[in-house]
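These notes are about the structure you will find just below.
The values are calculated or read from the model by the stated rules, or taken from the named source; none is laboratory data. These numbers come from a predicted model, not from an experiment. Note that we place each Cβ from the backbone using ideal geometry, even for glycine, and neighbour counts take in every protein chain shown.
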Amino acid sequence: MKLLVVGGGGREHAIIQKLKENPAVETVYALPGNGGIAQDAVCVPEIGAKDIPAIVDFARSHAIDFAVVAPDDPLALGCVDKLHEAGIPCFGPIAKAARIEASKVFSKNLMKKYGIPTAGYEVFDDPKAALEYLKTASFPIVIKADGLALGKGVLIPQDLDEAEAAVKTIMEDRAFGDSGNEIVIEEFLTGPEVSVLAFTDGTAIAPMVSSMDHKRAGDNDTGLNTGGMGTVAPNPYYTAEVARVCMDTIFLPTLAAMRAEGCPFKGCLYFGLMITPDGPKVIEYNCRFGDPETQVVLPLLKTDLLTIMQAVENETLGELEVEWHDGAAACVILASGGYPSHYEKGKVMTFPEGLPANVTLYHAGDKLDGEGRLVTSGGRVLGVTATAPTLKEALADAYAAAETVDFEGKYLRHDIGRRALAAMEGQ
Ligand code: AMP
Ligand code: GLY
């Protein structure tokens with residue numbers, strides 16, 4: 001079979017490696033892919049992940065048997081709709097279903113209408129009305145741009161001055177462009193965060209192993225928000241009891257709500273949850289695999305990934321048992337110094353001769369230079385993942401391997417998994 005994966009980050013590298021475990025897979029094309037992914041797939045750097053007509057033409061002309069659309073932008077732009085029109089089976093939600101991530105106003109209204117637990121909120125399209133509302137609000141409060149904003153469209157002002165500045169940033173300075181035409185102002189919730197990715201064909205659901213992201217740039221959750229600096233799986237806060245409550249009050253009601261709205265969700269639905277004193281609540285939905293959650297979740301998947309994705313596409317997921325390995329996984333992101341603000345690119349990367357069998361490198365932001373060397377080309381450069389019987393061992397192995405990869409300005413957090421380990425000791 002010939003497969004196509006749209007995207008070019010660590011998440012896509014993890015998906016591609018897993019798809020290749022199926023012996024029927026002959027070739028995987030990555031559009032655009034990256035320098036490291038080129039070790040596992042045929043990369044097409046000329047075709048960007050948002051270039052829907054070029055992606056569809058490529059899929060047609062290369063007689064692609066199955067496509068996976070991984071990033072949010074092409075999903076929101078209708079890449080899956082267009083591939084389907086061209087007769088190409090694929091994994092991912094149609095544009096109408098991708099609104100669950102692409103519009104926070106859509107997702108908040110969906111949760112309110114169908115009684116799915118989430119933070120209380122108001123929607124504003126007029127900055128004056130938003131400012132008026134904030135005068136009587138209590139702080140901290142959460143202000144979110146409606147649309148996609150590379151994970152940066154969420155601001156948490158601590159007082160009225162900061163809140164006024166946040167509204168100005170989003171709605172007047174238009175820091176996130178049209179994504180800020182509307183904003184959601186919502187209640188600040190507290191509690192540990194859990195990411196749950198789930199395969200779903202619109203009706204049946206197979207939640208994956210839970211995980212924990214580390215979004216802030218600095219140790220002890222300080223500094224700016226990033227795309228994610230590391231992950232661990234499973235997440236100790238996601239107990240069997242919490243999982244049961246989530247299934248009954250969040251997962252199944254969300255699928256039913258999407259069906260009732262005429263846009264059943266097929267693909268990977270990501271539930272960003274907060275375990276509040278009042279129970280689990282939805283912080284956000286993503287219409288796709290999370291990054292870097294995927295880099296700890298997929299290594300623990302036992303069932304063949306392509307078979308699951310085909311069952312999602314064919315709406316037969318309910319007939320399949322999705323199985324997971326025991327044990328844990330940890331991923332430490334190696335970033336370019338300065339990320340998520342200004343950073344330099346083009347630094348030559350060096351790798352160890354060999355890696356332990358339980359360690360995998362997922363390439364996120366690198367490319368091949370004219371001499372065939374891997375050089376950095378992005379903020380998040382590499383994910384170093386280890387699997388092991390326990391989280392403690394997985395973390396030790398991931399950190400040991402992270403030491404053996406080098407490039408000028410390499411930056412990493414040193415406390416990935418620390419909170420998860422402390423939570424496990426407290427249990
Ligand atoms: P999001 O992009 O929606 O995941 O938001 C980014 C981060 O902001 C989340 O991972 C949370 O840490 C934080 N956040 C978002 N919404 C809330 C909320 N209602 N209360 C507290 N923290 C929040
Ligand atoms: N790690 C969070 C995300 O993928 O949006």
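For the range 189-208, give me each residue that is more than 16 Å from ligand 2 (Cβ to nearest atom), assigned to a loop (DSSP other than H, G, I, E, B) and of a type outside the set (Gly, Ala, Ser).
LEU189, THR190, ASP201, THR203
Scan VAL282, VAL245, VAL297, VAL232 and give me the residue that is touching a Leu at 6+ places or on another chain (Cβ under 9 Å), modelled with pLDDT of 95 or more and in a helix (DSSP H, G or I).
Values: VAL282 fails: in a helix (DSSP H, G or I); VAL245 fails: touching a Leu at 6+ places or on another chain (Cβ under 9 Å); VAL232 fails: in a helix (DSSP H, G or I).
Unique residue meeting the criteria: VAL297.
Can you report the number of residues in the range 116-141 which are out of contact with any helix residue (DSSP H, G or I) (no Cβ under 8 Å at 6 or more places or on another chain) and touching a residue at least 60 places away in the same chain (Cβ under 8 Å)?
2
Kindly provide the set of residues from the range 90-133 that are under 19 Å from ASN181 (Cα atoms) and touching a strand residue (DSSP E or B) at 6+ places or on another chain (Cβ under 7 Å), ordered by number.
Result: ILE100, GLU101, LYS104, VAL105, SER107, LYS108, TYR121, GLU122, VAL123, PHE124, ALA130, TYR133.
Just name the residue that is nearest to ligand 2 (Cβ to nearest atom) out of those in the range 273-314 that are within 19 Å of MET111 (Cβ to Cβ) and polar (S, T, N, Q).
Going through the qualifying residues, I end up with ASN286.
Restricting to the range 172-229, name every residue that is at positive phi and within 16 Å of ligand 1 (Cβ to nearest atom).
GLY191, ASN220, ASP221, GLY223, GLY228
Among all residue pairs at least 6 apart or on different chains, which show Cβ distances below 8 Å where the first residue, located in the range 399-422, is free of Cβ contacts under 8 Å to residues at least 40 places away in the same chain and the second is in a helix (DSSP H, G or I)?
Correct list of pairs: LEU421/LEU391; LEU421/LYS392; LEU421/LEU395.
Kindly state which strands (runs of 3 or more DSSP E) lie completely within the range 360-427 and contain at least 3 residues that are at pLDDT 95 or above and within 21 Å of THR294 (Cβ to Cβ). Steps first, answer last, please.
Details: elements: 366-368, 374-376, 380-388.
Per the criteria, 380-388.
With (1) in a strand (DSSP E or B); (2) touching a helix residue (DSSP H, G or I) at 6+ places or on another chain (Cβ under 7 Å) as the list, and GLY223 as the residue in question, which single condition is left unmet?
(2)
If you take the residues of the range 142-169 that are of a type in the set (A, V, I, L, M, F, W, C), within 13 Å of ligand 1 (Cβ to nearest atom) and touching a helix residue (DSSP H, G or I) at 6+ places or on another chain (Cβ under 6 Å), which of them is nearest to ILE183 (Cα to Cα)? Quick ask: steps written out before the conclusion?
Within the range 142-169, the subset of a type in the set (A, V, I, L, M, F, W, C) is 142-143, 145, 148-150, 154-156, 160, 163, 165-167.
Subset that is within 13 Å of ligand 1 (Cβ to nearest atom): 142-143, 145, 148-150, 154-156, 166.
The next check asks that each one be touching a helix residue (DSSP H, G or I) at 6+ places or on another chain (Cβ under 6 Å); those that pass are 143, 145, 148-149, 155.
Values: ILE143: 7, ALA145: 5, LEU148: 12, ALA149: 12, LEU155: 11 Å.
My answer is ALA145.
Which of the following residues is assigned to a loop (DSSP other than H, G, I, E, B) and of a type in the set (Asp, Glu): GLU12, GLU21?
On the way: GLU12 fails: assigned to a loop (DSSP other than H, G, I, E, B).
Exactly one of GLU12, GLU21 is assigned to a loop (DSSP other than H, G, I, E, B) and of a type in the set (Asp, Glu), namely GLU21.
Considering (1) under 16 Å from ALA206 (Cα atoms); (2) away from ligand 1 (no atom under 16 Å from the Cβ), say which one THR254 fails and leave the rest.
With respect to (1) under 16 Å from ALA206 (Cα atoms); (2) away from ligand 1 (no atom under 16 Å from the Cβ), THR254 is out only on (2).
Residues are listed down the side, and each one gets a yes or a no for (1) in contact with a Leu (Cβ under 9 Å, 6 or more places away or on another chain); (2) over 18 Å from THR231 (Cβ atoms):
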site	(1), (2)
PRO292	no, no
LYS302	no, yes
HIS325	yes, no
ALA329	yes, no
GLU344	no, yes
LEU368	yes, yes
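Answer yes if at least one residue in the range 140-147 is out of contact with any strand residue (DSSP E or B) (no Cβ under 7 Å at 6 or more places or on another chain) and within 15 Å of ligand 2 (Cβ to nearest atom), and no otherwise.
yes
Considering the range 304-338 alone, what residues qualify as being under 22 Å from PHE91 (Cβ atoms), in contact (Cβ under 8 Å) with a residue 24 or more places away in the chain and among the acidic types (Asp, Glu)?
Scanning the range 304-338 gives ASP304, GLU313, GLU315.
Within the set of pairs 6 or more residues apart or between chains, which connect a residue that is modelled with pLDDT of 95 or more inside the range 175-197 to a residue that is more than 14 Å from ligand 1 (Cβ to nearest atom) and part of a loop (DSSP other than H, G, I, E, B) with Cβ atoms less than 8 Å apart?
Every condition considered, the pairs that remain are VAL194/SER210; VAL194/TYR238; SER195/SER210; VAL196/MET208; VAL196/SER210; VAL196/TYR238; LEU197/MET208; LEU197/PHE289.
Among ALA59, ALA54, ALA98, which is part of a helix (DSSP H, G or I), under 13 Å from TYR285 (Cβ atoms) and not β-branched (Val, Ile, Thr)?
Of the residues listed, the single one that is part of a helix (DSSP H, G or I), under 13 Å from TYR285 (Cβ atoms) and not β-branched (Val, Ile, Thr) is ALA98.
Checking the conditions here, which among ILE185, ILE170 is part of a helix (DSSP H, G or I), over 25 Å from ILE94 (Cβ atoms) and more than 16 Å from ligand 2 (Cβ to nearest atom)?
Step by step, each of ILE185, ILE170 is checked, and only ILE170 is part of a helix (DSSP H, G or I), over 25 Å from ILE94 (Cβ atoms) and more than 16 Å from ligand 2 (Cβ to nearest atom).
Can you tell me which residues in the range 209-236 are away from ligand 2 (no atom under 12 Å from the Cβ) and either within 20 Å of ALA388 (Cβ to Cβ) or aliphatic (A, V, I, L, M) (or both)?
Scanning the range 209-236 gives VAL209, SER210, ALA217, LEU224, VAL232, ALA233, PRO234, ASN235, PRO236.
Just to be sure, is ASP40 more than 20 Å from GLY267 (Cβ to Cβ) and out of contact with any Gly (no Cβ under 7 Å at 6 or more places or on another chain)?
Values: more than 20 Å from GLY267 (Cβ to Cβ): yes; out of contact with any Gly (no Cβ under 7 Å at 6 or more places or on another chain): yes.
In short, yes.
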